[in-house]
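Some notes on the structure that comes next.
Just so it is clear, none of the values below were taken in a lab; they were calculated from the coordinates. As the structure is a computational prediction, the values presented were derived from the model and not from experiment. With ideal geometry, Cβ positions are generated from the backbone for all residues, glycine too; neighbour counts draw on all protein chains shown.
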Amino acid sequence: MRQTWRLTVTRPFRFILGGVLLIVALSLVAIPFTGLLISKWSQFDVQSRSRLVLRAIEGPVDRALTSGDEAELAALLEAVARDERILGVGLCDESQRLRGATRLMPPSFSCDQIDLPGVESFSRITSEGLPVFAASFPVGPPEAPAHLIVLHDLSYIGARLAQARTLIGVALVGVALVTAAIAGLLLLLVMRGWMTSLRQAVEDLRAGKPQSGERPALSNPIQTLLKSLDAGRAPTDSPDVEWTPQTLHNLLLDALPDAEVIVVSNREPYIHNNTDEGVVLQTPASGLVSALEPVMRACGGTWIAHGSGTADQETVDAGDTVAVPPDDPAYRLRRIWLTEEEQDGYYYGFANEGLWPLCHIAFVRPTFRESDWHYYTQVNERFAEAVAREARTEDPIVLVQDYHFALAPKMIRERLPKATIITFWHIPWPNAETFGICPWKEQILEGLLGSSILGFHTHYHCNNFFETVDRFIESRIDREYRTVTLGGDETAVRPYPISIAWPPKALAAQPPVEVCRAQVRAQHGLDPDHKVAVGIERFDYTKGILDRMRSIDLLLEQKPEWKGRFTFLQVAAPTRSKLASYSRLQEEAVELADEINARHGDGDYRPIRLLIRHHEPWEVFRIFRAADLCIVSSLHDGMNLVAKEFVAARDDDAGVLILSTFTGAARELSEALIVNPYDGGEMAAALHTALNMPPEEQRERMRQMRQQVREQNVYRWAGRMLIDAGRIRRRQRILDLAREQ
Ligand code: F6P
């Protein structure tokens with residue numbers, strides 16, 4: 001701090017000193033130089049004037065001298081002597097006699113005071129105490145030669161010089177005053193900055209935070225983080241930092257002390273359902289939930305979500321909250337109750353029939369209805385209101401999740417202007433042309449730009465967003481710093497590729513892989529060495545479930561040797577079944593499976609088994625561990641966490657991942673067999689390759705992918721956003737202090 005003060009405060013003083021020296025130097029040089037210049041210029045001026053006099057009367061004077069007409073001569077000379085600076089005009093003849101001298105010619109002047117060399121000449125003399133400039137020009141015929149004498153009063157030069165000196169003096173004083181004013185201003189600014197730092201330091205001291213130059217004993221990863229944060233690097237990109245729940249927790253304490261975390265999402269992390277066996281707790285099949293739940297366990301806070309379970313109302317307290325996870329509470333779940341109309345309009349309608357197909361390239365037409373938009377707006381308002389009510393501080397960190405809440409960031413900002421709002425868009429963002437069909441595109445963009453940070457999975461989606469903003473609303477886009485400024489508020493638009501917890505919770509109680517293999521095969525009546533492929537997801541048309549089934553059909557047709565030796569288990573959780581596009585998909589999948597099974601099956605052998613029900617995470621992980629390969633054939637997907645979960649489940653370093661090139665995950669898991677799900681032939685070939693892949697190659701690929709998922713886990717994802725949020729908050733705090741000055 002002291003060093004900074006010295007550096008910043010001495011700078012204006014140096015500026016002042018430099019200014020003073022410059023002014024002195026200028027005075028020393030400028031004044032004599034100006035005098036010289038003025039006198040040279042004046043001399044040049046009087047010489048020219050004298051020549052003009054000569055030229056005006058040269059001819060008539062010659063004639064008067066020839067004729068000896070003294071009266072004519074005197075009249076001629078008097079006529080040119082009217083210029084106020086001409087003292088006198090006369091003629092000096094050969095015998096140095098002054099002839100025809102004008103009226104004002106100084107009486108003391110005589111011809112022997114000047115040289116008469118027979119050519120033009122100039123000299124300075126003193127006459128009657130005045131400085132006088134004398135010019136002489138030879139005139140007259142050869143028989144009566146003479147010199148025309150013109151005397152100029154030079155006393156005006158002195159007056160000019162004095163005037164110039166005064167002007168220069170005034171100018172230099174002016175420069176000095178401006179310099180002093182600038183220096184004073186600089187000094188004031190530095191003093192203000194210093195006062196702000198001082199206040200901050202006092203505040204930090206009060207809060208028990210370290211002062212610059214002295215760091216508390218921190219755990220190593222956090223020390224690395226804070227150091228690189230200070231250095232302006234992206235610390236989370238450093239593989240040296242291992243991200244765990246503890247790292248995230250420490251980060252919150254160190255970089256965001258006292259920050260209150262509030263999550264807003266449609267889907268809740270824990271659903272209570274009434275069943276015949278009583279109230280049962282369900283963990284939904286949701287990438288969003290599997291990513292955020294471990295983060296909230298590490299950070300604590302409040303998660304606000306739609307209470308969708310049949311027993312949800314029975315399990316909350318008077319404030320509609322319940323502590324979760326129920327077996328080891330770490331944060332509060334605040335449930336919001338939605339009417340059926342609200343669910344139909346906001347969730348099924350605008351979110352899932354409008355925005356979902358709009359953002360995914362799956363060739364399903366988006367539907368936009370005025371009534372859906374009404375409910376979407378209303379539910380966004382209700383969640384924003386809940387955030388304002390639940391917030392215990394004026395500046396919480398609010399994590400707004402997904403396309404269900406495009407309007408909420410702006411609404412929250414209106415209620416909590418000091419909140420740090422981080423919005424994460426879990427699905428792709430389309431190009432501007434595609435987005436342009438949405439009738440409420442401007443409102444959606446403005447809603448999202450209420451965020452402090454807006455995150456997407458990939459750079460590509462960020463660029464699509466910039467392009468969309470550029471096309472449809474008036475704002476300032478800074479592509480270098482990746483920000484959009486709307487109405488004076490800045491939103492940082494960044495890629496944060498989402499991930500899963502490492503190690504995943506569902507892996508903890510898993511038996512060894514051999515046991516999982518045996519259990520799952522036995523459950524489906526398959527031989528111990530039977531090859532098993534799996535696909536696990538929500539029953540969604542974006543997942544390419546039909547396409548992968550067709551590729552299995554093709555495989556069995558092209559490589560019949562796999563018949564009877566290979567089975568594909570499709571685990572699909574029913575989702576959004578109220579919508580025709582989803583229920584139709586389910587029907588089509590059942591029909592297609594029957595068709596393929598009829599074509600290639602035999603007796604008990606059915607190459608495709610559809611397991612259409614919700615599976616809890618431990619069941620999903622058991623199937624992953626039992627499989628020889630996993631197929632993720634999304635037609636379009638923001639990230640796809642199933643691919644990462646399969647990799648995380650395989651602590652035996654075995655198994656092959658077939659992964660669609662149209663997922664965000666394909667950018668990170670390049671050791672998978674990357675396929676185009678629209679190309680059935682390519683998928684069938686990838687299946688054949690996977691089924692034949694030697695264990696060593698599987699191990700090599702799987703190890704690389706596991707390392708990637710371990711390092712780039714969900715704690716790093718959240719950490720990167722929170723570090724950016726910390727920077728924004730610090731910057732905001734400095735600006736607020738500066739404003740208070
Ligand atoms: O991928 C988008 C998304 O909202 C995810 O965040 C989530 O995993 C999934 O869809 C769940 O959808 P829903 O909540 O409609 O079941």
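If R0 is 41 Å, the Cβ-Cβ spacing of E514 and I361 corresponds to a FRET efficiency of close to 0.50. Electrostatic tally near W440: other residues with Cβ closer than 12 Å to its Cβ, Lys and Arg +1, Asp and Glu -1, net -2.
Counting other Cβ atoms within 10 Å as a rough exposure proxy, the listed residues L167, L151 run L167, L151 from fewest neighbours to most.
Distance from the alpha carbon centroid of region 45-73 to that of region 608-686 works out to 114 angstrom. Between A580 and E557, what FRET efficiency comes out of the Förster formula 1/(1 + (r/R0)^6) with R0 = 41 Å and r the beta carbon distance, rounded to 0.05? Step by step, r from the Cβ atoms, then E = 0.85.
How many lysine pairs does the chain hold where the Cα atoms are under 16 Å apart and the two sit 8 or more places apart or on different chains? Eligible lysine pairs with Cα atoms under 16 Å apart amount to 7.
Shown here: region 512-710, whose C-alpha atoms stretch 40, 37, 33 Å along the first, second and third principal axes, sorted largest to smallest. Rounded to the nearest 10 degrees, the inclination of helix 617-626 to the longest alpha-carbon principal axis of the chain is 80 degrees. Here the spin labels are modelled as points 7 Å beyond Cα on the Cα-Cβ line, and at E490 and R392 they lie 3.2 nm apart. As a calculated quantity, the FRET efficiency between T275 and I182 at R0 = 56 Å, using C-beta atoms, amounts to about 0.10.
Each label was represented as a point 7 Å from its Cα along the Cα-to-Cβ direction; for D112 and R124 these points are 2.5 nm apart. The phi torsions of region 657-674, fed into the Karplus equation with coefficients 6.51, -1.76 and 1.60 and a -60° offset, translate into couplings of 9, 9, 10, 5, 5, 8, 10, x, 4, 4, 6, 9, 9, 6, 7, 6, 7, 7 Hz, rounded to whole numbers, with Gly and Pro shown as x. Relative to the longest principal axis of the Cα atoms of the chain, helix 245-255 runs at roughly 30 degrees. Footprinting exposure proxy ranking of F405, F137, fewest other C-beta atoms within 10 angstrom first, gives F137, F405. A convex hull fitted around the alpha carbon atoms of region 466-534 yields 202 Å³ per residue.
The equivalent ellipsoid that matches the C-alpha gyration tensor of the chain spans semi-axes of 95, 31, 25 angstrom, in descending order. Does region 601-741 come out rounded, prolate or oblate, given a ≥ b ≥ c as the square roots of the eigenvalues of its C-alpha gyration tensor, rounded meaning a/c under 1.5 and, failing that, prolate meaning a/b above b/c? Prolate shape, in that a/c is at least 1.5 and a/b is the bigger ratio. Normalised by 2.2 N^0.38 Å, where N is the number of residues, the alpha-carbon radius of gyration of region 234-290 equals 1.67. Computed on region 35-158, with alpha-carbon pairs under 8 angstrom and 6+ residues apart, the relative contact order is 25 percent. Oblate is the label for region 488-568. Its Cα gyration tensor axes, ordered a ≥ b ≥ c, give a/c of at least 1.5 and b/c at or above a/b.
Packing, taken as the mean count of other beta carbons within 10 Å per residue, orders the peptides 345-358, 499-512 from highest to lowest as 345-358, 499-512.
A simple spin-label model places pseudo-atoms 7 Å from Cα toward Cβ; at R710 and D258 they are separated by 4.0 nm. Working value for region 35-158: equivalent-ellipsoid semi-axes of 24, 14, 14 Å, each the square root of 5 times a Cα gyration tensor eigenvalue, largest first.
The stretch between E619 and D62, if pulled fully straight at 0.36 nm per residue, gains 187.5 nm over its current Cα-Cα span. Where does the charge balance sit around R49 when Lys and Arg score +1, Asp and Glu -1, over other residues with C-beta under 14 Å from its C-beta? Taking every other residue near R49 into account, the sum is -1.
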